[in-house]
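Report on the following structure.
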Amino acid sequence: MQTITDCEKTIRSALRELWNKDRSLLNTDASERAICHRLAIYIENILNVCGEKLNVDCEYNRMGLATPKRLIGLIDDKNPEGKSVYPDIIIHSRNNNLRNVLVLEVKKSSSAHSDNFDKTKIAGYIRDLGYMYGCCLLIKVDTICTKLNCDDFYAIEMYPTLPDHRAAII
């Protein structure tokens, strides 16, 4: 997975697997964590077939071996060293920071929260933690899914790293 196009193709392929094998999670508005878990499995399977030596983790909060992931841009009174973060799905080399490839933040269409904070976190993952790419993914759930096809149940926004290590988030 060298390019943002490779990452997007992998995610779209994994989403097709999710649609074909786990549509009941979508139709019943299962938890975001359950959906992310299954999606991560499909991403990992695709990477394994392609021979990629990367890990796919959900809610992984470590930077290297022991340090919690923190976003410096999210400093406040409670978090003077930066806010601890738990990305929904990441593609990386575990136990080091040598290949932080992609971070995904997932929202369900039934969520009461906007994706603005997810976009802020993605910018932070790229800026502070060295991820190459970010992705905001909206998954349509509940009865909406029964009226959709495989390519319509999600919306995907990919974000590359700019030369100054900022995310290209508009």
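Numbers below:
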| item | result |
| --- | --- |
| Some residue of segment 61-81 being modelled with pLDDT of 80 or more and not polar (S, T, N, Q) | no |
| Lone unmet requirement of (1) surrounded by fewer than 18 Cβ atoms within 10 Å (Cβ to Cβ); (2) under 28 Å from Ile46 (Cβ atoms); (3) at pLDDT below 85 for Lys140 | (3) |
| Scope segment 86-136; condition modelled with pLDDT of 85 or more and aliphatic (A, V, I, L, M); matching residues | Ile89, Ile90, Ile91, Val101, Leu102, Val103, Leu104, Val106, Ile122, Ala123, Ile126, Met132 |
| Residues within segment 113-136 that are aliphatic (A, V, I, L, M) and within 11 Å of the chain's Cα centre (by Cα), tallied | 1 |
| Residue satisfying all of: in segment 90-142; part of a strand (DSSP E or B) and among the charged types (D, E, K, R); nearest to Tyr159 (Cα to Cα) among these | Glu105 |
| Some residue of segment 1-8 being touching an Asp or Glu at 6+ places or on another chain (Cβ under 7 Å), crowded, with 17+ Cβ neighbours inside 10 Å, within 17 Å of Arg94 (Cβ to Cβ) and in contact (Cβ under 8 Å) with a residue 24 or more places away in the chain | yes |
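The values are calculated or read from the model by the stated rules, or taken from the named source; none is laboratory data. What you see is a predicted model, and the numbers here were worked out from it, not measured in a lab. Note that each Cβ is placed from the backbone with ideal geometry, even for glycine, and that neighbours are counted across all protein chains shown.
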